[in-house]
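K.L.:
Pasting in a structure now, in structure tokens, and then I'll have a few things to ask.
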Amino acid sequence: MDVNELYQQVILDHYKNPRNFGELEPHNHSAEGHNPLCGDHIDIYLQINNDIITDIKFKGDGCAISKSSASIMTTLLKGKPVQFARELFNKFHDVVTSDTNTLIDEESLGKLAVFAGVREFPARVKCASLAWHTMTTALDDSTEKFVTTE
Ligand code: ZN
């Protein structure tokens, strides 16, 4: 099995069995995200205590990429400091917007390397990024809904 097949399996697994799926009660941060290009909707809920994400869940409907991205993100951020979440967002963003010829450092990226494949499909980048943008919107306590743009 090549690496791309492996990544596709990870995405399918998280799509079929999303982790941390549902509404989180109680929560003290939340945001709504919408990607009109594909029709993805995602709500992110966070419980943050002393700058630690003690719990995170998501809800919504969308394509396999958007849902699995949200699911994988929650597994990476649960129990982690807010600062870590912001750094991981930047790393994720760098991966999905990098040139397709840029080599992926799998060791430092871990599960994020799964999304390197979407670089070849610009429309899919918005699907993969939706949960991450929505998560940072929630961290910032913005009341604005995150909507992807062209
Ligand atoms: Zn999508």
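K.L.:
What is the magnitude of the charge dipole of the stretch 3-141 about its Cα centre, with +1 placed on the Cβ of each Lys and Arg, -1 on the Cβ of each Asp and Glu, and no other charges, expressed in debye to the nearest 20?
P.N.:
Charge dipole, the stretch 3-141, about its Cα centre: 220 debye, nearest 20.
K.L.:
Next up: What length, rounded to one decimal in nm, is gained on full extension from R86 through to N4, with 0.36 nm per residue of separation minus their alpha-carbon distance?
P.N.:
Working: separation 82, 0.36 × 82 = 29.52 nm, distance 2.68 nm.
Full extension of this stretch gives 26.8 nm more.
K.L.:
Among L88, S108, A31, whose Cα lies farthest out toward the positive end of the dipole of the chain, if unit charges sit on the beta carbon of Lys, Arg (+1) and Asp, Glu (-1)?
P.N.:
Sorting the options by dipole projection puts first A31.
K.L.:
Here is a follow-up. Quick check: from the Cα gyration tensor, does the stretch 72-150 come out rounded (a/c under 1.5), prolate or oblate?
P.N.:
Details: a/c = 2.35, a/b = 1.24, b/c = 1.90.
Cα axes put the stretch 72-150 in the oblate bin.
K.L.:
Let me ask something additional. Compute the acute angle (0 to 90°) between the alpha-carbon long axis of helix 82-97 and the principal axis of greatest extent of the alpha-carbon atoms of the chain; round to the nearest 10°.
P.N.:
Approximately 30 degrees, to the nearest ten.
K.L.:
Which GluC sites (Glu not before Pro) does the stretch 45-148 hold that lie in a coil by DSSP with at most 14 other beta carbons within 10 Å?
P.N.:
Those satisfying the criteria are E144.
K.L.:
Once the principal axes of the Cα atoms of the chain are found, what is the range along each, listed largest first in whole angstroms?
P.N.:
Per principal axis, max minus min of the Cα coordinates gives 42, 32, 27 Å.
K.L.:
Still on this model: Under the rule a/c < 1.5 gives rounded, and otherwise a/b versus b/c splits prolate from oblate, where does the stretch 38-118 land using the Cα gyration tensor? Spell out each step's value before the answer.
P.N.:
On the way: a/c = 2.47, a/b = 1.25, b/c = 1.97.
In terms of gyration-tensor shape, oblate.
K.L.:
Starting with the fewest neighbours, write out H34, H14 ranked by other beta-carbon atoms found within 10 Å of each beta-carbon.
P.N.:
Ranked by crowding around the Cβ, least crowded first: H34, H14.
K.L.:
A further question follows. How far, in degrees from 0 to 90, does helix 122-139 lean away from the longest principal axis of the Cα atoms of the chain, to the nearest 10?
P.N.:
20
K.L.:
Now for a separate question. Please identify, among L112, L37, L103, the residue showing maximal mean-square fluctuation in a Gaussian network model of the chain using a 10 angstrom Cα cutoff.
P.N.:
With Cα springs under 10 Å in the chain, the top fluctuation among L112, L37, L103 is at L103.
K.L.:
Determine the shape class of the stretch 33-84: with a ≥ b ≥ c the square roots of the Cα gyration tensor eigenvalues, call it rounded for a/c under 1.5, and otherwise prolate if a/b is greater than b/c, oblate otherwise.
P.N.:
Details: a/c = 2.88, a/b = 2.31, b/c = 1.25.
The shape class here is prolate.
K.L.:
How many nm separate the modelled label positions at D61 and E106, each set 7 Å beyond the Cα in the direction of the Cβ?
P.N.:
3.6
K.L.:
By average Cβ neighbour count within 10 Å, what is the ranking of 129-141, 50-62 from highest down?
P.N.:
Ranked by mean Cβ neighbours within 10 Å, highest first: 129-141, 50-62.
K.L.:
Determine the calculated [θ] at 222 nm for the chain from helices alone, applying -39500 (n - 2.57) to every DSSP H run no shorter than 4 residues and normalising by the residue count; nearest 500 deg cm²/dmol.
P.N.:
Working: 5 runs with 66 residues, N = 150.
Mean residue ellipticity, 222 nm, calculated: -14000 deg cm²/dmol.
K.L.:
Using 0.36 nm times the number of residues separating H93 and N49, minus their current alpha carbon distance, what extension gain do you get?
P.N.:
13.3 nm
K.L.:
Taking every DSSP beta bridge that has both residues in the chain, what percent is antiparallel when rounded to the nearest 5?
P.N.:
Restricted to the chain, the bridges split so that about 85 percent are antiparallel.
A short reminder: the numbers here are calculations on the coordinates, not readings from a lab. Since this is a predicted model, take the numbers as computed values, not measurements. Cβ: placed from backbone, ideal geometry, glycine included. Neighbour counts: every protein chain shown.
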